[in-house]
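S.K.: Shown below is the structure under consideration.
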Amino acid sequence: MKAKKIPMRRCVGCMESKPKKELIRIVCNKEGDLSLDITGKAAGRGVYLCKNMDCLEKARKRKAIPRSLDKEVSAEQLDIVFEELKNYAE
């Protein structure tokens, strides 16, 4: 039997590739709104982050999320998403 392929994604905080299920996706829809995508299936361009606080802080300091999304993201939107992320972080 053939082994099932595990999809890998790169964290924008630590730049390590990890299995998709271990990461949290942040998605930007057509209107430019940021939101968490827990299922990993929402429409829009997405970036992935590890579930630990260090990666969250690294991504925030390096402004990795707006750069990866190729969109201008307001500080208020980022603050809201980071507050939601803290509930899922380890």
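A short reminder: the numbers here are calculations on the coordinates, not readings from a lab. Quick caveat: nothing in here was measured; it's all calculated off a predicted structure. Cβ: placed from backbone, ideal geometry, glycine included. Neighbour counts: every protein chain shown.
Results for (1) out of contact with any helix residue (DSSP H, G or I) (no Cβ under 7 Å at 6 or more places or on another chain); (2) surrounded by 17 or more Cβ atoms within 10 Å (Cβ to Cβ), shown as yes or no for each residue.
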| position | (1), (2) |
| --- | --- |
| LYS2 | yes, no |
| ARG10 | yes, no |
| ASP54 | yes, no |
| ALA59 | no, yes |
| SER68 | yes, yes |
| SER74 | yes, no |
| LEU85 | no, yes |
| TYR88 | yes, no |
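S.K.: Turning to a different aspect of this structure: Any residue at all in segment 45-68 that's more than 18 Å from ARG10 (Cβ to Cβ), among the aromatic types (Phe, Trp, Tyr) and without any contact (Cβ under 8 Å) to a residue 60 or more places away in the chain?
M.R.: No, segment 45-68 contains no residue that is more than 18 Å from ARG10 (Cβ to Cβ), among the aromatic types (Phe, Trp, Tyr) and without any contact (Cβ under 8 Å) to a residue 60 or more places away in the chain.
S.K.: To continue, here is another question. Out of all the residues in segment 23-49, which are surrounded by fewer than 13 Cβ atoms within 10 Å (Cβ to Cβ) and under 18 Å from PRO7 (Cβ atoms)?
M.R.: ILE38, THR39, LYS41, ALA43, listed by residue number.
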